[in-house]
């Protein structure tokens, strides 16, 4: 049996969760539950806030434009998950939406847009990123929402990144072709954090590559014999890292 209840609708709410609490839903949430899903008073809805686990609530005070949830009990405790920062050169809207959703599904704890020399998109809608992160978490039974950073220049990001964590730098010219082999020697490392860095479509320039190679804790990995689009590379890198260093190991 699945650990997740997919029979009841699931919503993110930005409110404290406790037995007996009554939470007013937004107009959009009320419309979705009442007019789209056709739920009635006392129907079950699962809610989470990214901090206090998942709770069972019942619809109360239902009208076409308003609804509230009366919370009953916690169904799942909050889980921490691995500290994996996904850093990436921003992409165009649809592809950025995709990678945000997939990064959340794959367990990223932080999303960090990084403006490299060859980055073509320099403006990022943080609100849209958060909306996509919430949608992915709602649909996939995820309890934790990632932190979402504002875009920063490559040099600024280098200065501010955790200096005691691992940096997974994806490079088609990696000296070790097999990414699992490249990571295997660090499988027992208790790193406080892991950062995966994906460059723009044109890749990192030589100065950026050189700077990354010199950083302590850097692991250079290849993602196979084919050139991947940046959004595909992000999913592939997250899968490889989770399989060797993350919580896919059980």
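The values are calculated or read from the model by the stated rules, or taken from the named source; none is laboratory data. Note that this is a predicted model, so its numbers are computed, not measured. Cβ placement follows ideal geometry from the backbone for every residue including glycine, while neighbour counts extend to all protein chains displayed.
Conditions (1) under 25 Å from the mean Cα position of the chain (by Cα); (2) in a helix (DSSP H, G or I); (3) more than 24 Å from residue 100 (Cα to Cα); (4) at pLDDT below 90, marked per residue:
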residue: 174; (1), (2), (3), (4): no, no, yes, yes
residue: 177; (1), (2), (3), (4): no, no, yes, yes
residue: 186; (1), (2), (3), (4): yes, no, yes, yes
residue: 207; (1), (2), (3), (4): no, yes, yes, no
residue: 212; (1), (2), (3), (4): yes, yes, no, no
residue: 233; (1), (2), (3), (4): yes, yes, no, no
residue: 238; (1), (2), (3), (4): yes, yes, no, no
residue: 242; (1), (2), (3), (4): yes, yes, no, no
So, of the residues in region 55-88 that are surrounded by 21 or more Cβ atoms within 10 Å (Cβ to Cβ) and in contact (Cβ under 8 Å) with a residue 40 or more places away in the chain, which turns out to be farthest from residue 144 (Cα to Cα)? 67
For residue 225, which of the numbered conditions (1) at pLDDT 85 or above; (2) touching a strand residue (DSSP E or B) at 6+ places or on another chain (Cβ under 9 Å); (3) part of a loop (DSSP other than H, G, I, E, B) fails to hold? (2)
Kindly establish whether residue 94 is under 19 Å from the mean Cα position of the chain (by Cα), in the same structural domain as residue 146 (by TED's automatic domain parsing) and surrounded by fewer than 16 Cβ atoms within 10 Å (Cβ to Cβ). yes
Top-ranked residue of region 104-132 - restricted to ones that are surrounded by 20 or more Cβ atoms within 10 Å (Cβ to Cβ) and closer than 24 Å to residue 29 by Cα, ranked as nearest to the chain's Cα centre (by Cα): 104
Say we look at region 142-159 and pick out the residues that are more than 19 Å from residue 118 (Cβ to Cβ) and in contact with a strand residue (DSSP E or B) (Cβ under 7 Å, 6 or more places away or on another chain); which of these is surrounded by the fewest Cβ atoms within 10 Å (Cβ to Cβ)? 147
Which one of 225, 175 is in contact with a helix residue (DSSP H, G or I) (Cβ under 9 Å, 6 or more places away or on another chain), in the same structural domain as residue 89 (by TED's automatic domain parsing) and exposed (fewer than 11 other Cβ atoms within 10 Å of the Cβ)? 175
Any idea which of (1) over 21 Å from residue 118 (Cα atoms); (2) out of contact with any strand residue (DSSP E or B) (no Cβ under 6 Å at 6 or more places or on another chain); (3) surrounded by fewer than 19 Cβ atoms within 10 Å (Cβ to Cβ) is the one residue 183 doesn't satisfy? (3)
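For region 160-172: of the residues being touching a strand residue (DSSP E or B) at 6+ places or on another chain (Cβ under 9 Å) and farther than 13 Å from residue 110 by Cβ, which is modelled with the lowest pLDDT?
171
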